[in-house]
1. Filter the stretch A:118-145 down to the residues that are outside any helix (DSSP H, G or I) and without any contact (Cβ under 8 Å) to a residue 40 or more places away in the chain and list them by number.
2. Looking at the stretch A:11-22 only, could you name the residues that are among the hydrophobic types (A, V, I, L, M, F, W, C) and either touching a residue at least 60 places away in the same chain (Cβ under 8 Å) or touching an Asp or Glu at 6+ places or on another chain (Cβ under 8 Å) (or both)?
3. Determine the pairs where a residue that is within 12 Å of A:D201 (Cα to Cα), located within the stretch A:279-304, has a partner that is aromatic (F, W, Y) with Cβ atoms under 8 Å apart, the partner being 6 or more residues away or on another chain.
4. Among the residues of the stretch B:2-12, is any out of contact with any Asp or Glu (no Cβ under 6 Å at 6 or more places or on another chain) and part of a helix (DSSP H, G or I)?
5. Taking the condition at pLDDT below 90 and among the aromatic types (F, W, Y), does B:F187 pass?
6. Among the residues of the stretch A:96-109, how many are part of a loop (DSSP other than H, G, I, E, B) and either within 15 Å of A:Y140 (Cβ to Cβ) or in contact with a His (Cβ under 9 Å, 6 or more places away or on another chain) (or both)?
7. How many of the residues making up the stretch A:347-370 are of a type outside the set (V, I, T) and out of contact with any Pro (no Cβ under 9 Å at 6 or more places or on another chain)?
8. For the stretch B:57-66, which positions are within 13 Å of chain A (Cβ to nearest Cβ), under 18 Å from the mean Cα position of the chain (by Cα) and of a type in the set (V, I, T)?
Amino acid sequence: MTAKALAVFAKEALDAARDRRSLMSALSFALFGPLVLAMALTTVAKTSDDGPLKLAVAGAGNAPSLIHYLEQNGVEVAQPPTDIQAAVRSGDLKLALVIPRDYGKDFRASRPARVELVHDASRLGSSAPVRRVEKLLERYSSQVAGLRLSARGISPEVVSPVRLSEVDLSSAASRAAFALATFPIFLLMAAFIGGMNVAIDTTAGERERGSLETLLVHAVPRLDLVTGKWMAAVLFNLFAVLLTLLFSFLVLRWDRLQKMDIPVALSVDDALRLLALLLPLALLAPALQMLIALFARSFKEAQTQLSLLMLLPMIPGLLLSFQSFEPKPWMRAVPILAQQVLMRDLLYGKAAAPAVQALTAGATVALTVVCIAITARLLRHERIVLGR
Amino acid sequence: MIEAQGLYKCFGKTVAVEDVSFTARDGSVTALLGPNGAGKTTSLRMLYGLLQPDSGQAVVDGTVAAADPLAAQQRLGVLPDAPGLYGRLTAREHLRYAARLQGLSAGEAEARTAALIERLGMEGIADRRSAGFSQGERRKIALGRALIHDPQNVVLDEPTNGLDVPSTRAMRSYVRELADGGKCVLFSTHILQEVSAVCDRVVIIARGRVVAEGTPEELPARTGKTNLEDAFVQLIGTEEGLGT
């Protein structure tokens, strides 16, 4: 690192720190990503079927043994409102169980005893609790049926020719990864957005304002200029990545999520591993952006192009998170793509081997160096310098 | 000393500079005089290494600019066409940055910056951000930046363009002072009074060619005219002067 490159870095960092636009773009995203993550996780938590379920029951006194069964199976029986149908229709109540007065009479006479489950199927989030109550009622029903058959000397097994038992192989860690599907994308975007404004401002912006010519008449090697500018953009990038990771970490350790019983707590170790994956990316993104911005005619044009280009690397990430898309081995060597695969692996509880991580980081850093070298070369071209 | 030797430059099919040769000597002020679009800025840009000549060469104190641009730039102070300031930096920060870019140590940079702020009368604006500065204030910062490493050669592209009368007079006196101190000063202009006021030598350039070279006194005599303006109009060709 030469003294001249450091001088460029110091100037650009100071200039950018005084630029509200640069600061805001780094900061706002760091807050926005984890916020969306928190919202996504709360939604997942609400639809999960663990934990106590509140159920309004009308006529609970008509079926004491059924109520006892429900209570044993994690249902909190609550008092129903006076007009159940209206309450469900307005959304104040998700579902209610109505036990008619003649339930007991039918039950004792071994006739099918009717109960009503009142709900609104068009309402979001009502299907999970409805399914849960239905299952409990079915189980209660077959339990009673078994007892009645035994009392008549028939084995209950005779009436169950097929028994279905589900084996859910998803581990706690893999369910967490599903809930965290969008997390790597936010981290990736932080590494691309944090320093973008600085990368554009120091290249396309510098030329647009007419200060590039002045800068180039100083006796400074082009490589020093580009390195200094790149370091300033990297500084902002790291700032954004660290903040995003920190806020995400706090969100995932948030009490409310812990109580909701989704196993998503991000350990300090995993957070550090994520950071290690993101670091080379935080180096690459500004180098790539500066190179592209040099071809743009103005700051605005560069901004438009880069915002669009940023979406490109997100596509594999989206595929990875929303589909069961098995990454091929070569993907772990392609910068940007590799980080997404490895981040996903990490969140699935499968940390990559050190050799793979080194390969990914090496490829990314190598690409960064190439970008910087090309940018420095480009600054010798008259067309690029004068923007024609 | 700055030497232009048969500079030729074209952009696509447009020939911007066809044949420019001249010498600017130490201890004197040389003016590159010509109408708008004559190729002054392009010629200067080749001298300070921003453009590569298609043929010919620019030599600064014996160094060919194209062969060793950094060595040539080290010996040059340049005030380009556009001042190119950073709105969020103060005048002092601009000078300090230029000093570091030219390779001065932190201590030297601080000393030179303070000296130039005093010499150019920038004490009042030294620690204010440059956004909103007047033309004259901007030009002072740009000049301070060009002189920060005490270069032997100073190239100024239309240094008084857009300045009011007091600022113009101040700029001329700085230019004169530099040459009297033994520096080689080369500046471009299209203003004749400026030439008479401060120049030792004039290089007249029109349509990308040097059409005459001499002292402000010699040129009228050579063309049989009584004043520089008539001589200038004759040398560049009347049509050219009025047409553009």
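1. A:V118, A:H119, A:D120, A:A121, A:S122, A:R123, A:L124, A:S126
2. Within the stretch A:11-22, the subset among the hydrophobic types (A, V, I, L, M, F, W, C) is A:13-14, A:16-17.
Within the stretch A:11-22, A:A13, A:L14, A:A16 qualify.
3. Cβ pairs passing all conditions: A:P286/A:W230; A:Q289/A:F192; A:M290/A:W230.
4. no
5. Spelling it out, it is not the case that B:F187 is at pLDDT below 90 and among the aromatic types (F, W, Y).
6. 1
7. 11
8. Within the stretch B:57-66, just B:V60 meets the criteria.
The values are calculated or read from the model by the stated rules, or taken from the named source; none is laboratory data. This is a predicted model, so every value here is computed, not measured. So basically every Cβ, Gly included, is an ideal-geometry build from the backbone, and we count neighbours across all protein chains shown.
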